[in-house]
1. Filter segment 107-134 for residues that are open to solvent by 20 Å² or more (accessible area, probe 1.4 Å), within 10 Å of the chain's Cα centre (by Cα) and under 17 Å from LEU17 (Cβ atoms) and give the result.
2. Count, please, the residues in segment 76-91 that happen to be surrounded by fewer than 15 Cβ atoms within 10 Å (Cβ to Cβ) and more than 13 Å from THR107 (Cβ to Cβ).
3. Using the structure shown, decide if ALA137 is touching a Phe, Trp or Tyr at 6+ places or on another chain (Cβ under 8 Å) and not charged (D, E, K, R).
4. So which residues in segment 13-55 are closer than 24 Å to ASP97 by Cα, out of contact with any helix residue (DSSP H, G or I) (no Cβ under 6 Å at 6 or more places or on another chain) and in a loop (DSSP other than H, G, I, E, B)?
Amino acid sequence: MTTAPGPHPGPAPDDDLTTVRVDQFLPHPPAKVWRALTEPELIAQWLMASDFRLEVGHRYTMTTLPRPNTRYSGTTEAEVLAYETGRMLSVRWRDADASAGNTADWTITWTLEPEGRGTRLFLVHEGFDPDDPAQMAARTIMGKGWRTFVMDALRAVVERL
């Protein structure tokens with residue numbers, strides 16, 4: 001028996017160890033969600049403080065607590081790779097301290113799609129190395145974090161706009 005998928009069949013199965021996928025509905029228009037994803041003072045409220053600027057090639061840093069079990073130094077070097085205003089933002093993340101053995105080189109892409117009076121927000125975090133136990137630990141931690149803490153914090157910021 002075959003069933004036709006709905007308009008949003010949800011995230012792909014979690015068997016791709018190189019990627020974390022999140023599919024979240026926010027009951028707010030895309031313009032509000034876009035602001036939360038691209039305005040530095042708002043990003044600081046749901047992710048980390050930074051000198052983010054919506055400009056392809058712009059490099060910025062974000063700092064948080066180190067995670068020795070994942071070889072994360074606590075400082076992320078980021079770069080804006082691409083964007084389509086109001087629809088898509090793609091950034092690159094690397095650990096600022098490669099001497100710790102963290103070879104992470106990740107791409108995080110946010111895609112916004114209008115849905116009713118709200119926004120379907122997709123996150124794709126790519127580039128995990130399935131042969132690196134520290135990166136698999138990072139994937140587990142970050143996958144849970146994106147789906148819970150980060151999305152909850154993002155939702156709260158958007159609700160205040």
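1. Answer for segment 107-134, where residues must be open to solvent by 20 Å² or more (accessible area, probe 1.4 Å), within 10 Å of the chain's Cα centre (by Cα) and under 17 Å from LEU17 (Cβ atoms): THR107, VAL124, GLU126.
2. Counting residues in segment 76-91 that are surrounded by fewer than 15 Cβ atoms within 10 Å (Cβ to Cβ) and more than 13 Å from THR107 (Cβ to Cβ) gives 3.
3. Spelling it out, it is not the case that ALA137 is touching a Phe, Trp or Tyr at 6+ places or on another chain (Cβ under 8 Å) and not charged (D, E, K, R).
4. Selection gives LEU17, THR18, LEU47, MET48, ALA49, ASP51, ARG53.
Each row is one residue, and each column tells you yes or no for (1) among the small types (Gly, Ala, Ser); (2) out of contact with any Leu (no Cβ under 7 Å at 6 or more places or on another chain); (3) in a helix (DSSP H, G or I); (4) in contact (Cβ under 8 Å) with a residue 60 or more places away in the chain.
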site: GLY57; (1), (2), (3), (4): yes, yes, no, no
site: TYR83; (1), (2), (3), (4): no, no, no, no
site: LEU89; (1), (2), (3), (4): no, no, no, no
site: TRP93; (1), (2), (3), (4): no, yes, no, no
site: PHE122; (1), (2), (3), (4): no, yes, no, yes
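The values are calculated or read from the model by the stated rules, or taken from the named source; none is laboratory data. None of the values given here were measured: they were computed from a predicted structure. Cβ: placed from backbone, ideal geometry, glycine included. Neighbour counts: every protein chain shown. These area figures cover heavy atoms from the full protein model, side chains too; ligands, DNA and RNA do not enter into them. Shrake-Rupley method; radii C 1.70, N 1.55, O 1.52, S 1.80 Å.
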